[in-house]
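The values are calculated or read from the model by the stated rules, or taken from the named source; none is laboratory data. Predicted model, so just to flag it, every value in this text is computed and none were measured. Neighbour counts are summed over all protein chains in view; Cβ atoms, including those assigned to glycine, are modelled from backbone coordinates with ideal geometry. When the accessible area is computed, the model is the full protein with side chains, heavy atoms only, and any ligands, DNA or RNA have been set aside. Shrake-Rupley method; radii C 1.70, N 1.55, O 1.52, S 1.80 Å.
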Amino acid sequence: MNFEELKNIWNEVDQPLENALNINKDLLNEVSVNKINQSLIGINRTVWFELLVTIPFLFFLMDFFVDHFFDLPFMLSSLILIILMGSDVALNVYQMITIERINNSRSVLETQQMVENMRRLRRWDTLSLLVAIPLFSFPFIAVVVKHFTTMSLFALGDFWIHYSLGAAVVGMIIVFFLIRFPDKQLEESARFLREIKDMRKEG
């Protein structure tokens, strides 16, 4: 059963007609919330994958930070990246917990609020790439290159300025496409819940 079919059933239940189908609204609420939960499985898998990649890299950065504590450019670079990676882990854990909390014990209204909060947070996260990519990409490259080659990109003069400007352009392109093509399942879930909420208000 897709979202359109569920919406039509809600619409039939809310119509004040004597011959309307006598469907248990609690059961329909349970089916609707379960459908939302199933539609967000893809996001949950993505979150788990990001955590599996980010957490080991975070430990690498902490080790790098300790090893280069007295090398100011690399110490600051790794510290900046630790803050970024830590924020990303926190965001993913929040999304994972939110998805886990969406179950049939929740009302449609509660689920709608949770999905909208997650949708707004993901949009904010996308927009933050406009700053994150130009600001963090050079420290990332500098740390990785230093670790594997012992070469210092900071010794290349103003290379970091040109690199960051190029990264800013790349960041704008990435953000444009992420906003233009948001997560389909999340958007459909949010739209479905808004429509159900509006129908219940009208009823």
Exercise for review: Obtain the nm distance between the two label points defined at F69 and L156 by a simple spin-label model: each point lies 7 Å from its Cα along the Cα-to-C-beta direction.
Suggested key: 3.0
Revision key, fill the gap. Computed over the Cα atoms of segment 90-148, the Rg and Dmax in Å are 17.0, 52
Check your understanding: Based on the Cα atoms of segment 84-203, what semi-axes does the equivalent ellipsoid have, where each is the square root of 5 times one gyration tensor eigenvalue, given in whole Å with the largest first?
Key -> 41, 16, 8
Study note, to complete from the structure: Total charge of the residues flanking P139 in space, meaning their Cβ is under 15 Å from its Cβ, with Lys and Arg +1 and Asp and Glu -1, is -1
Practice item. Determine the sum of side-chain charges near E50: Lys and Arg each +1, Asp and Glu each -1, restricted to other residues whose C-beta is under 14 angstrom from that of E50. Key: -1
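Can you give me the Kirkwood hydrodynamic radius for segment 145-200, using every pair of distinct Cα atoms, in Å to one decimal? List each step's numbers first, then the result.
On the way: mean 1/r = 0.0655 Å⁻¹.
Answer for segment 145-200: a Kirkwood hydrodynamic radius of 15.3 Å.
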Study note, to complete from the structure: So the carbon and sulfur contribution to the accessible area of segment 113-203, 1.4 Å probe, in percent, is 66
